[in-house]
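Right, one structure below, let's go through it.
The values are calculated or read from the model by the stated rules, or taken from the named source; none is laboratory data. Everything numeric here is computed off the predicted structure, so don't read it as measured data. Quick reminder, even Gly has a Cβ in these numbers, built from the backbone with ideal geometry, and neighbours come from all protein chains shown.
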Amino acid sequence: MNRALIVHRAGPGLTLQDRGRPGYMGFGLSPGGAADRLALAEGAALLGQDNGLAALEMAGTGGEFEATSDLRIALTGAQMRAAIDGTRIAWHASHALPAGARLTIGGAEMGSYGYLHVGGGFAGPERLGSRSVHVSSGLGSAVGSDTRLEIGEDTAPTEVNRLLPVEPRFEGGTVRVVPSLQTDFFDADQIKRFETTGFTRGAHGSRMGVRLDFQGDGFHSDAGLSVLSEVVVPGDIQITGDGAPFVLLGECQTTGGYPRIASVLPCDLPKVVQATPGTALRFRFVSLNDAVEAERRAAAHRRGLRSALTPLVRDPHDIRNLLAYQLISGATAGRELEET
Amino acid sequence: MSDEGTTSPQAATKEWPKIRTVGVDGMLVSFGDRLSEPANRAALAFRAALDRATPEGVEETSTSLISAYVRFDPVHRDHAGLRADLDTLLQDRDWYAADLPQGRREWRIPTVFGTDLAPQLDEAAAAAGMTPDEAIASISDTVVRVQTIGFAPGQPYLGELGPDWDIPRQKALTKRIPEGALAVAIRQLVLFSVSTPTGWRHIGQTGFRLFRPDAETPFVLRPGDAVRFEPVSPERLQAMKDDPDGGARAKDLT
């Protein structure tokens, strides 16, 4: 059977992503993978399939797509304007995409990275155990217009129209961090100021990391800039030469010489990933024990996603009303779709 | 300068080796706070021993210049337990006296020094107090060793060069250094595996591909490998452009 998704028009930041390539740090290759790892798990839950399957990550905006045969799709992560043959469809939900129908996904209304999942997952060859494009190391490349993405066999082809209550993470807020190996290069005043400063996500960001803007003097460590290069992991917050914090993400370098003031909890990283330029972010230190407990709860939350699904009401009349509502408000959480 | 280095011996002190956490799910065993031959060997040997011992919960290991890194699953293995395992392994022996890893090779990599392919040779030579020809001789006569692979896929940090080469990185970054570029700073060389901005000075250009995602051996160099950068003309390098090795040859050392 010839299952594929034709990409008629691609936004500039479309890449296939799965859980990435953990295990190659020693070879200088960071894990990469879906920027918002929770969104990957949510898509898998909506479609009732393995969360290791590849999805299409869409940075900022989507594109126009067509299925070559009847498909199931799910939409997660940053909420974007999506429609099938002109009728708006709910985000954080699964839908049937009939062969020949046009799926259009527009700009993000909230958050940075949206995800299009398909029943069976995107196929194609794995490289070093993953289908993830690793942009910064030139491993794979972005999906362009007029391409065809092959799709694997769907194991549950009838389950559609499910909705998922969504973990809020698209409007910034407080991000938990732990002290890391170089935190004590910074004196107590620097640490205190770091915790009390209101940051905004800067204009520059990529899958490698995002810069944070703030008012006031730059941060500096007692070790200056003469620190020996040391291991870097996603979530580390490095202080660059001009004193600005830079949160490193999945495609970061594997070693670095800039001192790092703290490291973001993996379960809070989606908040940083999904912040759009100008979104407010704060950082709060927690103990290692509290961090491990937070990771434990996050893992339990991911495991419980399947049981949190609810049926999606698909009366077209309701959908049109919702569309009108959204045009006025500009943004809505997925949950409001469910409650109307 | 020999492959085995000339740095004075370093030994365990009250402060080193030191175990620190990295984020929520990592630990780092560091053998010093500055680069030295014994600390580098200790890190490589300790990581190899960790890979053999495979403590419960460990998911990945790597090394930096002077540290061994462990990533583990903190939800199923607590920090205290893993730290105790690392402590026990540290007591096993004097890691600073460890040999270099087995399976090392010696590489000879054809390199164009200077010309418009590597525009910062003159500037780097001046910083090291040499003429460009002296700088070429100094670099190409030194057998350097891969001290670590890091920053980008398959990318080696090589050393140690003589004290003349203790030159700082540039304050302003070079916008884009090409793949295969040889660059120098702080008595080390970096051979770039990807095109990237950098503060290191571009003194040579090779045709050596360090990261080959579709090959059987995707990452070519390994920590401990010895490397010599042999001067060739731009024409020679151009003639080898279809060879992913860029004319490089390897022989087994151990």
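Among the residues of segment B:155-167, those identified as assigned to a loop (DSSP other than H, G, I, E, B) and more than 9 Å from chain A (Cβ to nearest Cβ) are B:Glu160, B:Leu161, B:Gly162, B:Asp166, B:Ile167. Within segment A:254-289, the set of residues being within 10 Å of another protein chain (Cβ to nearest Cβ) and touching a Ser or Thr at 6+ places or on another chain (Cβ under 7 Å) comprises A:Thr254, A:Thr255, A:Gly256, A:Gly257, A:Arg260, A:Ala262, A:Ser263, A:Leu288. A single member of A:Gly144, A:Gly140, A:Gly77, A:Gly152 is surrounded by fewer than 22 Cβ atoms within 10 Å (Cβ to Cβ) and at positive phi, and it is A:Gly140. For segment B:186-206, the criterion of being within 25 Å of A:Leu139 (Cα to Cα), surrounded by fewer than 23 Cβ atoms within 10 Å (Cβ to Cβ) and out of contact with any strand residue (DSSP E or B) (no Cβ under 8 Å at 6 or more places or on another chain) is satisfied by no residue at all.
The strands (runs of 3 or more DSSP E) found entirely in segment B:20-115 that carry 3 or more residues being more than 11 Å from chain A (Cβ to nearest Cβ), modelled with pLDDT of 95 or more and surrounded by fewer than 22 Cβ atoms within 10 Å (Cβ to Cβ) are B:105-113.
Of the residues in segment A:208-228, none is crowded, with 24+ Cβ neighbours inside 10 Å, within 14 Å of chain B (Cβ to nearest Cβ) and in contact (Cβ under 8 Å) with a residue 60 or more places away in the chain. Annotation note: of A:Arg148, A:Arg169, the sole residue that is in a strand (DSSP E or B) and either in the same structural domain as A:His204 (by TED's automatic domain parsing) or touching a residue at least 60 places away in the same chain (Cβ under 8 Å) (or both) is A:Arg148. Residues satisfying the criterion are absent from segment A:179-197 (criterion: among the basic types (Lys, Arg) and in the same structural domain as A:Leu29 (by TED's automatic domain parsing)). The set of residues in segment A:59-74 that are under 19 Å from A:Arg9 (Cβ atoms), surrounded by fewer than 24 Cβ atoms within 10 Å (Cβ to Cβ) and out of contact with any Phe, Trp or Tyr (no Cβ under 9 Å at 6 or more places or on another chain) comprises A:Thr61, A:Gly63, A:Glu64, A:Glu66, A:Ala67, A:Thr68. Of the residues examined, A:Ser69 is not one that is assigned to a loop (DSSP other than H, G, I, E, B), within 14 Å of chain B (Cβ to nearest Cβ) and under 20 Å from A:Ala4 (Cα atoms).
Looking only at segment A:138-196, which residues are over 30 Å from B:Glu179 (Cα atoms), within 14 Å of another protein chain (Cβ to nearest Cβ) and not charged (D, E, K, R)? Matches in segment A:138-196: A:Val175, A:Val177, A:Val178, A:Pro179, A:Ser180, A:Leu181, A:Gln182, A:Thr183, A:Phe185.
Given the criteria modelled with pLDDT under 95, within 12 Å of another protein chain (Cβ to nearest Cβ), under 27 Å from A:Tyr258 (Cβ atoms) and touching a Leu at 6+ places or on another chain (Cβ under 9 Å), does B:Gly199 qualify? Considered against the rule, which asks whether it is modelled with pLDDT under 95, within 12 Å of another protein chain (Cβ to nearest Cβ), under 27 Å from A:Tyr258 (Cβ atoms) and touching a Leu at 6+ places or on another chain (Cβ under 9 Å), B:Gly199 comes out as yes.
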